[in-house]
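**Student:** Structure in structure tokens, see below.
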Amino acid sequence: MHLKSFKVVHSQMWNIHYEDDIRYSLQMCQWLLQSIGVWPLVYEGANRLEHAISVVVMIACFTLLFFIIVPSGHYIFYVEKDLDVKVKLFGPIGYCISSVIKYCYISLKGSVFKRCIEHVKRDWQAVQDADHRTIMLKYVVISRRFITVCAVFLYSGGISYHTVMQFLSKEKSKSNETFKPLTYPGCDWFLDERSNPTYEIVFLSQCLGTMIMHTITTAAYSMAAIFVTHICGQIQIQITKLQKLVETKKRDDDSSDLLAAIVHDHVEILRFSEKVEGALRVICLTEIIESTCVMCLLEYYCLMEWENSDAIAISTYLLLLLSFTFNVFIICYIGEVLSEQCSQIGIVAYEIDWYDLSTSEAHDLILLILISQYPPKLTAGKIITLSLRTFGSVLKTSLVYLNLLRTVTQW
């Protein structure tokens with residue numbers, strides 16, 4: 001196979017619309033990462049001003065997050081004695097801590113994500129066929145839908161929890177005294193929370209901190225969705241080329257160059273998949289642990305509020321439970337799609353009319369079939385393979401932890 005001649009052709013820039021395509025494919029991820037100051041760390045070409053603004057934004061974000069974690073942690077372990085209240089605070093504080101972990105990881109591993117984004121940009125520049133560009137754009141639309149649905153669930157549930165439930169829940173309405181609810185207590189040991197404008201400042205700071213948490217989580221999902229759907233698009237392009245391989249041979253064209261291109265691009269896809277898995281494995285592990293624990297706690301909160309007959313609180317917790325369930329489903333589904341799509345190329349290589357090819361070319365297809373038997377997998381810390389089976393295991397584990405939590409709190 002003439003790999004040397006292929007490399008010369010592949011290095012040329014073919015897609016004249018590549019700038020618009022790159023902008024469209026990365027747009028939503030860029031919005032999310034820019035809002036938390038990480039975009040200049042993961043994208044090539046940021047100037048000094050953008051890096052300076054990034055530093056300021058990141059300092060502000062970390063300040064708001066630790067403004068929630070430190071007072072609330074002090075309140076849980078040193079002030080509050082009621083076990084039920086402590087359990088109610090473990091969920092939101094645990095989510096905040098996991099958001100800080102993901103934020104730190106994305107910031108420190110910016111160069112790893114930058115290499116993945118650069119690979120995506122090169123693929124867009126090298127598109128040679130209008131049909132191939134259409135395939136890639138189709139998968140970009142899929143990734144944007146994933147990101148949109150994830151954001152809608154997270155932000156709607158978070159806003160309801162921090163505003164609607166705090167002011168309209170049955171527990172609050174029963175109180176005869178004037179109250180000023182805060183989602184995260186504990187600031188009263190160094191601030192007068194009930195005075196004006198201190199209360200408004202603290203309440204606004206906690207709401208902004210919550211928006212940052214949801215933005216971090218959505219940004220992590222957006223990168224996973226963009227990278228994996230991009231891989232799926234590249235696999236579909238290789239499948240299209242394979243299906244045209246026999247037609248090229250029948251037209252007496254040189255099919256060896258096309259087969260060399262298919263093998264070369266398939267190897268590049270596998271290398272990119274390995275980069276993506278290495279970049280996302282810590283985030284995926286954090287998401288699986290966080291989602292399992294938070295879903296368990298939300299199920300427990302729903303049972304508690306059911307006993308109190310608090311419809312507002314039940315609705316809010318159910319919305320949050322639905323959002324976390326859907327988000328862990330997305331990340332497991334993405335892992336399932338990655339493995340399934342990468343294994344498809346071997347099936348297609350076998351189903352084409354390979355017997356119409358020359359003996360040497362037919363033998364070369366065996367390489368694709370063998371490699372496709374071991375498709376790349378998205379893992380959580382190289383411990384858990386993300387798939388729909390993993391999603392079922394997360395649901396079962398959350399119910400097991402729920403039974404354990406109910407047993408402990410009833411002692």
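**Student:** With a 1.4 Å probe and all protein chains in place, put ILE371, ILE117, ILE314 in order of accessible area, largest first.
**Tutor:** In descending accessible area the options line up as ILE371, ILE314, ILE117.
**Student:** Something else: Using only the heavy atoms of the protein chains and a 1.4 Å probe, how would THR163, THR229 rank by accessible area, largest first?
**Tutor:** My answer, sorted largest first, is THR163, THR229.
**Student:** So, by mean Cβ neighbours within 10 angstrom, what's the order for 88-95, 77-84 with the highest one leading?
**Tutor:** Answer by packing, highest mean first, reads 88-95, 77-84.
**Student:** Determine how large the accessible area of VAL56 is when every protein chain is in place; take a 1.4 Å probe and give Å² rounded to the nearest 10.
**Tutor:** Surface accessible to solvent at VAL56 totals approximately 100 Å².
**Student:** Per residue, how big is the convex hull around the C-alpha atoms of region 296-379? Give it to me in cubic angstrom, could you?
**Tutor:** 93
**Student:** Could you give me the ³J(HN,Hα) list for region 215-232, computed from phi with Karplus coefficients 6.51, -1.76, 1.60 and θ = phi - 60°, whole Hz, x at Gly and Pro?
**Tutor:** Going residue by residue, I get 5, 4, 5, 5, 5, 5, 5, 5, 5, 4, 5, 5, 5, 5, 5, 5, 4, 4 Hz, with x marking Gly and Pro.
**Student:** Expressed as a whole percentage, what fraction of the accessible surface of the chain belongs to carbon and sulfur atoms when a 1.4 Å probe is rolled over the protein heavy atoms?
**Tutor:** 62
**Student:** From the phi of every residue in region 21-36, what ³J(HN,Hα) in whole Hz does the Karplus formula 6.51 cos²θ - 1.76 cosθ + 1.60 yield, where θ is phi - 60° and glycine or proline is x?
**Tutor:** Each residue of region 21-36 in turn: 5, 5, 4, 5, 6, 9, 4, 5, 4, 5, 4, 5, 6, 5, 5, 10 Hz.
**Student:** Where in region 213-234 does the amide nitrogen come within less than 20 Å of the point 7 Å from the Cα of THR385, taken along Cα to Cβ?
**Tutor:** 228-229, 231-232
**Student:** Rolling a 1.4 Å sphere over the protein heavy atoms, what is the accessible area per residue of the chain, to the nearest Å²?
**Tutor:** Counting only protein heavy atoms, the per-residue value for the chain is 49 Å².
**Student:** Moving to a separate point now. Note the angle between two axes, namely the Cα long axis of helix 83-108 and the longest principal axis of the Cα atoms of the chain, as a number of degrees from 0 to 90, rounded to the nearest 10.
**Tutor:** 40
**Student:** Now, a different point. On a 0 to 90° scale, report how tilted helix 255-308 is relative to the longest principal axis of the chain, with both axes built from alpha carbons and the result rounded to the nearest 10.
**Tutor:** Computed tilt is about 20 degrees.
**Student:** Continuing with the same structure: Past 30 Å, Cα to Cα: identify those pairs from LYS109/LYS377; LYS86/LYS114; LYS88/LYS377; LYS121/LYS241, in the order given.
**Tutor:** Violating the 30 Å Cα-Cα cut-off are LYS86/LYS114; LYS88/LYS377.
**Student:** Once amide H atoms are built 1.01 Å from N in the peptide plane, which residues 5 or more positions from VAL127, or in another chain, come under 5 Å H to H?
**Tutor:** Answer set, sorted by chain and number: TRP14, ASN15.
**Student:** Next question, about the same structure. List the aspartates and glutamates whose Cα sits under 12 Å from the Cα of LYS102, skipping any in the same chain fewer than 8 residues away.
**Tutor:** Cross-link targets: GLU287, GLU290.
**Student:** Here's a follow-up. Per residue of the chain, what 222 nm ellipticity follows from adding -39500 (n - 2.57) for every DSSP H run with n ≥ 4, rounded to the nearest 500?
**Tutor:** One gets -27500 deg cm²/dmol as the mean residue ellipticity at 222 nm.
**Student:** Report, to two decimal places, the Cα Rg of the chain normalised by 2.2 N^0.38 Å (N = number of residues).
**Tutor:** The chain yields a ratio of 1.17.
**Student:** Amide H to amide H under 5 Å from THR379: which residues, 5+ apart in sequence or cross-chain, H placed 1.01 Å off N in plane?
**Tutor:** Long-range HN contacts for THR379: LEU386.
The values are calculated or read from the model by the stated rules, or taken from the named source; none is laboratory data. Just so it is clear, the structure is predicted and the values come from calculations on it, not from any experiment. Every residue, glycine among them, receives a Cβ derived from its backbone with ideal geometry; neighbour counts consider all protein chains shown. Note: areas computed on protein heavy atoms with side chains; ligands, DNA, RNA excluded. Shrake-Rupley method; radii C 1.70, N 1.55, O 1.52, S 1.80 Å.
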